[in-house]
Amino acid sequence: MQSFKAEVMRKEGYDVDPNRPDDVKFEVAEEMGIPLTQGDNSDLTTESVGKIGGKIGGSMVREMIRMSQQKLANFKK
């Protein structure tokens, strides 16, 4: 799943280290103006954290749907 996350976020234009795909959340947070840091982020709202996770997770879900649709289309041929 981690390599999938790295691949998807790289396609989205993020600079992802394949050995540390979770680090992309810091780049996403910076892009959104959310002050996410290593360690304790208890000062962040659930809304802010959800925006970061939603951007990453949403991209992954879209790619999974695209892949499934492609497999179904190829299966029907």
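Computed from the coordinates by the stated procedures, all read-outs in this text should not be read as laboratory data. The structure presented is a predicted model; accordingly, all values stated were derived computationally and were not measured. In this analysis, Cβ positions are derived from the backbone assuming ideal geometry, glycine residues included, and neighbour counts consider all displayed protein chains.
Among the residues of the stretch 7-16, those that are more than 16 Å from VAL61 (Cβ to Cβ), surrounded by 11 or more Cβ atoms within 10 Å (Cβ to Cβ) and either in contact with a Leu (Cβ under 6 Å, 6 or more places away or on another chain) or not aromatic (Phe, Trp, Tyr) (or both) comprise ARG10, VAL16. Within the stretch 17-32, being basic (Lys, Arg) and either surrounded by fewer than 16 Cβ atoms within 10 Å (Cβ to Cβ) or in contact with a Phe, Trp or Tyr (Cβ under 6 Å, 6 or more places away or on another chain) (or both) holds for one residue alone: ARG20. Taking the stretch 33-49, which residues are exposed (fewer than 12 other Cβ atoms within 10 Å of the Cβ) and either touching a Ser or Thr at 6+ places or on another chain (Cβ under 6 Å) or in a helix (DSSP H, G or I) (or both)? Residues satisfying the conditions are THR46, GLU47.
Right, PRO18: free of Cβ contacts under 8 Å to residues at least 40 places away in the same chain, touching a helix residue (DSSP H, G or I) at 6+ places or on another chain (Cβ under 6 Å) and not in a helix (DSSP H, G or I) or not?
Working: free of Cβ contacts under 8 Å to residues at least 40 places away in the same chain: yes; touching a helix residue (DSSP H, G or I) at 6+ places or on another chain (Cβ under 6 Å): yes; not in a helix (DSSP H, G or I): yes.
When the stated conditions are applied, PRO18 passes them.
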